[in-house]
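Report on the structure given below.
The values are calculated or read from the model by the stated rules, or taken from the named source; none is laboratory data. Since the model is a prediction, treat every value here as computed from it, not as a measurement. Heads up, the Cβs are rebuilt from the backbone with ideal geometry, glycines too, and the neighbour counts pull from every protein chain shown.
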Amino acid sequence: MAALVLHSLVRWFIMFFGLWTVVNALTGVFGKRPYTPSDNRTNLFFMISCDIQLLIGLILYFTGPWFDKLKDLGNNMKDANNRFFTMEHLVMMLVAWILVHVGRTVVKNTEGDAAKHKRSLIFFGLVMLLIIAAVPWPFREAIGRPWFRWFN
């Protein structure tokens, strides 16, 4: 249960740093401002929070019921809740995690402030779209989870 609470809370750090990173990239592209150490630090915190979330998520996946449901994959795919948590959530979040790391490396190795901001916007904007699509928000029918999970 503690891992699930942490997983829920770290989501908000990811959303905060991810949106901050995208806003920095937008203001950099449209405001033609220099790429600063603060821009670099923000996307570093975004990446670190994604790394922590991945570790917690993998613990939940392999110690919880979702991994066992893969044994009956055919029936599992017929149920929206099972399909989402055993496949869709995992795959989209892994792709997002990979793109965060690739994006950070690409941005660090890019010359020029405008190019750094543009690549930040492309990579981290795409990552945020994937993350937003893969989170089981409370308003999503069949897969919705609470905004915050608390210790009981």
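What to note about this one:
- Odd one out for Val106, checked against (1) surrounded by fewer than 17 Cβ atoms within 10 Å (Cβ to Cβ); (2) in contact with a helix residue (DSSP H, G or I) (Cβ under 7 Å, 6 or more places away or on another chain); (3) modelled with pLDDT under 95; (4) over 16 Å from Phe16 (Cα atoms): (3)
- Positions within region 77-110 being hydroxyl-bearing (Ser, Thr, Tyr) and either more than 27 Å from Arg41 (Cα to Cα) or part of a loop (DSSP other than H, G, I, E, B) (or both), in sequence order: Thr86, Thr110
- Boolean, Gly28 is out of contact with any Gly (no Cβ under 8 Å at 6 or more places or on another chain) and at positive phi: no
- Top-ranked residue of region 53-80 - restricted to ones that are in contact with a Ser or Thr (Cβ under 7 Å, 6 or more places away or on another chain) and of a type in the set (A, V, I, L, M, F, W, C), ranked as farthest from Met1 (Cα to Cα): Leu70
- When Asn43 is tested against (1) over 13 Å from Gly125 (Cα atoms); (2) surrounded by 17 or more Cβ atoms within 10 Å (Cβ to Cβ), only condition (1) is not met.
- A single member of Tyr61, Tyr35 is outside any helix (DSSP H, G or I) and surrounded by 13 or more Cβ atoms within 10 Å (Cβ to Cβ), and it is Tyr35.
- Test result for Leu58, modelled with pLDDT under 95 and either of a type outside the set (Gly, Ala, Ser) or in contact with a strand residue (DSSP E or B) (Cβ under 9 Å, 6 or more places away or on another chain) (or both): yes
- Pairs with Cβ under 8 Å, 6+ apart, first in region 57-68 and of a type in the set (A, V, I, L, M), second surrounded by 11 or more Cβ atoms within 10 Å (Cβ to Cβ): Ile59/Ala3; Leu60/Ala3; Leu60/Leu4; Leu60/His7; Leu60/Trp66
- Pair list, Cβ under 8 Å, 6 or more apart: region 1-25 residue modelled with pLDDT of 95 or more, other residue basic (Lys, Arg) and surrounded by 15 or more Cβ atoms within 10 Å (Cβ to Cβ): Ala25/Lys118
- From Gly74, Gly144, residue being small (Gly, Ala, Ser) and either in contact with a Pro (Cβ under 7 Å, 6 or more places away or on another chain) or not in a helix (DSSP H, G or I) (or both): Gly144
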